[in-house]
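To start, the structure itself, in structure tokens.
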Amino acid sequence: AFPARGPDVPVRIMFKSTAGQVLFTHKQHTSEDWYGFACTDCHHMYEGGEEELPISCRDCHYEDSEEEPTTAEAFHQQCIGCHEDMGSAPVDCSECHVL
């Protein structure tokens, strides 16, 4: 018996970090019942339709690149910036990073 196939669009994503892991609730951020963000709100280089999945952030953002922000810098700019704009989302490190 094989395990059931996972969803094409992730429900949750765990980002590993030296500052503590971050559990990102993808479904909550994209669902019309919650925040309703479009793919392009976060995946800024995404040009596909719903049938084409966006590329991973790490496909463009490298930890050792001097031209592009590191993955951590890109997430902090994107996530914290959006959270600050919303005014009701967490912005303190410990609210997203857990040990």
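Worth pointing out:
- The lone exception for GLU50 - which of (1) at pLDDT below 85; (2) not in a loop (DSSP other than H, G, I, E, B) it fails: (2)
- A Cβ distance below 9 Å, combined with a sequence gap of six or more or placement on separate chains, defines the contacts here; from the range 76-99, residues that are over 22 Å from ALA38 (Cβ atoms) and in contact (Cβ under 8 Å) with a residue 60 or more places away in the chain reach residues that are β-branched (Val, Ile, Thr) and not in a loop (DSSP other than H, G, I, E, B) in the pairs HIS97/VAL22; VAL98/VAL22.
- Only one entry of ASP8, ASP64, ASP33, ASP85 meets the criterion of being at pLDDT 75 or above, more than 11 Å from the chain's Cα centre (by Cα), assigned to a loop (DSSP other than H, G, I, E, B) and surrounded by fewer than 10 Cβ atoms within 10 Å (Cβ to Cβ), and that entry is ASP33.
- Odd one out for ILE55 among (1) open to solvent by less than 50 Å² (accessible area, probe 1.4 Å); (2) in a loop (DSSP other than H, G, I, E, B); (3) at pLDDT below 85: (1)
- Selected residue (criterion: farthest from THR70 (Cα to Cα)) from residues of the range 12-24 that are open to solvent by 60 Å² or more (accessible area, probe 1.4 Å) and without any contact (Cβ under 8 Å) to a residue 24 or more places away in the chain: ARG12
The values are calculated or read from the model by the stated rules, or taken from the named source; none is laboratory data. On a predicted model such as this, the values are computed, not experimentally measured, just so you know. Cβ coordinates were reconstructed from backbone atoms using ideal geometry, including for glycine residues, and neighbour counts include every protein chain displayed. Remember, those area values only see protein heavy atoms, side chains included, never the ligands or the DNA or RNA. Shrake-Rupley method; radii C 1.70, N 1.55, O 1.52, S 1.80 Å.
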